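The structure appears right after this line, and notes come after that.
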Amino acid sequence: MTPTKDTIHSAVIDALKSTYDPEIPVNIYDLGFIYNIEVSDTLAVKILMTLTAPNCPVADSLPIEVRSKILSIHGVTDADVEITFDPPWSMDKMSDVAKMELDLF
């Protein structure tokens, strides 16, 4: 199957849902760490993401892990992961799934 922007986008979400912050037992997608996913016409992926805080212990390693997982997706030509703290992450960015997993309901 020839990859398309839509299939790549879906595969990126799946990859993000398999990536966890080691301090919180919920994937980074459901935690609300992912602010934007862009797939270009050339199937390059750009991720805009955040962390719980600038001094997060995985601030150096998590973006590398995300980039590596994105690059392993069939058809992806490049991956760029940008960290931002604007707007800052807060618990209201979490999905209902994440809130349920953390007993926040």
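The values are calculated or read from the model by the stated rules, or taken from the named source; none is laboratory data. Note that the structure is a prediction, hence the values are computed from the model and not measured. Counting neighbours? That spans all protein chains shown, and the Cβs are built from the backbone with ideal geometry, glycine included. Just the protein is used for accessible areas: all its heavy atoms, side chains included, with ligands, DNA and RNA removed. Shrake-Rupley method; radii C 1.70, N 1.55, O 1.52, S 1.80 Å.
The accessible surface of segment 9-89, taken with every protein chain in place and a 1.4 Å probe, is 52 percent carbon and sulfur. Averaged over its residues, segment 1-103 has an accessible area of 56 Å² per residue, based on protein heavy atoms and a 1.4 Å probe. The packing ranking of peptides 26-32, 12-18, 38-44, highest mean first, is 26-32, 12-18, 38-44, where packing means the average number of other beta carbon atoms within 10 angstrom of each residue. For the chain, the longest principal axis of the alpha carbon atoms and the long axis of helix 5-16 meet at an angle near 40°.
Which of the listed residues, T19, G32, P87, is farthest toward the dipole's positive end in the chain, when Lys, Arg count +1 and Asp, Glu count -1 at the beta-carbon? It is T19. Computing FRET efficiency as 1/(1 + (r/R0)^6) for K46 and M100, where r is the C-beta to C-beta distance and R0 is 35 Å, gives about 0.70. The distance between label points at A53 and H74 comes to 4.3 nm (points 7 Å beyond Cα on the Cα→Cβ vector). Dipole magnitude for the chain: computed about the Cα centre from +1 point charges on Lys and Arg Cβ and -1 point charges on Asp and Glu Cβ, it is near 180 debye.
Over the chain, the Kirkwood radius and the radius of gyration, each from Cα atoms, give a ratio Rg/Rh of 0.98. When the alpha carbon coordinates of segment 28-68 are projected onto the principal axes, the ranges are 35, 18, 15 Å, largest first.
Over the C-alpha trace of segment 48-105, radius of gyration and Dmax come out as 13.8, 40 angstrom.
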